[in-house]
Every structure is written in structure tokens, then in C-alpha cells.
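J.: I'd like to ask you about the structure that follows.
The values are calculated or read from the model by the stated rules, or taken from the named source; none is laboratory data. Keep in mind it's a predicted model, so treat the numbers as computed, not measured. Cβ sites come from the backbone with ideal geometry, for glycine too, and all protein chains shown count toward neighbours.
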Amino acid sequence: MPGRFIYIAHRSKLGAGPGKEIDVYATAGSTVWVVESKWWKESVGVDVVKNLMKQGDIVKEMRGKDLKKLTLWLFASNGVTENAKKLMEENGILWSTKDNLNDLLKISDLRKLPEMEK
């Protein structure tokens, strides 16, 4: 992870139509991070991962040769299915659960994520 992002945008639109909204778009020079966040009670499946990959393809096309590195990251509060995990591993996509992110927040001296209603 870059030591410092230069630009961070939440809920960015890559264009019109479904599946083109990025939850977090962050840049550190010619490095771009695209983050999808799913605060679901159930595990995230392959369809969400495939959409994140499509978003990454759109960013690659938009940035062109200026893009040196693209990192895709999925936050899935309650994890992912085995098929989704396999697809992410095959494509170098990072992912975290709520517990993983809370550990990172603790190290950074930030407050934990809120509890979700059962």
C-alpha cells in the first residue's frame, strides 16, 4: 500500500449504467487503487468480483499508458465464497473482512467499524 494517496474519491461513477460506480478510487501518482465495499450479512460471490474486475478494465482504458499499477481490493464484511476467493487469488485481487479491517484500524489507532444489526 502506498505510504500516501494523492487523491481519494468515494462513490465515483465511471459512466452511465449499472456496475459502474466505484466505492473508493485512490491514486498515488501513476498507481491507482479501486476498492469495492460490501457490507453484507452473507458472503460475497463471484458476480461482485467479476464486476470489480470490469471496473478495473475501465480504469485501465481511461488511464492508458499513464497507469503504472492498478490494485483491486474488495472489502467484504462477512467474507467471500470459495469460488470468489479462487477468482481473486487467480487475478491478484486483495480482499479483507470486517475483522481484517478492524485489525488494521487498531494498528493505526483508529476506531473499529460499527457492529451490524443481526
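J.: Within the set of pairs 6+ apart or on separate chains, which have a first residue in region 7-32 that is on the phi > 0 side of the Ramachandran plot, a second that is outside any strand (DSSP E or B) and modelled with pLDDT of 80 or more, and C-beta atoms under 8 Å apart?
T.: Qualifying pairs under 8 Å: GLY15/ILE58; GLY19/ASN51; GLY19/LYS54; GLY19/GLN55; GLY29/LYS68.
J.: Among the listed residues THR27, THR71, which satisfies the condition of being part of a strand (DSSP E or B), at pLDDT 90 or above and hydroxyl-bearing (Ser, Thr, Tyr)? Give the derivation first.
T.: Working: THR27 fails: at pLDDT 90 or above.
Exactly one of THR27, THR71 is part of a strand (DSSP E or B), at pLDDT 90 or above and hydroxyl-bearing (Ser, Thr, Tyr), namely THR71.
J.: Further, regarding this structure: Going by what's in this entry, would LEU87 be described as at pLDDT 90 or above, surrounded by 16 or more Cβ atoms within 10 Å (Cβ to Cβ) and not in a helix (DSSP H, G or I)?
T.: On the way: at pLDDT 90 or above: yes; surrounded by 16 or more Cβ atoms within 10 Å (Cβ to Cβ): yes; not in a helix (DSSP H, G or I): no.
Spelling it out, it is not the case that LEU87 is at pLDDT 90 or above, surrounded by 16 or more Cβ atoms within 10 Å (Cβ to Cβ) and not in a helix (DSSP H, G or I).
J.: When both residues are 6+ apart or on different chains and their Cβ atoms are under 6 Å apart, which pairs have a first residue that lies in region 45-62 and is free of Cβ contacts under 8 Å to residues at least 60 places away in the same chain and surrounded by 15 or more Cβ atoms within 10 Å (Cβ to Cβ), and a second that is of a type outside the set (Ser, Thr, Tyr) and part of a helix (DSSP H, G or I)?
T.: Qualifying pairs under 6 Å: GLY45/ALA84; VAL46/ASN83; VAL46/ALA84; VAL46/LEU87; VAL49/ALA84; VAL49/LEU87; VAL49/MET88.
J.: For residues that are at pLDDT below 95, not in a strand (DSSP E or B) and not polar (S, T, N, Q), scanning just region 33-55, find the one that is nearest to ILE22 (Cα to Cα).
T.: LYS54
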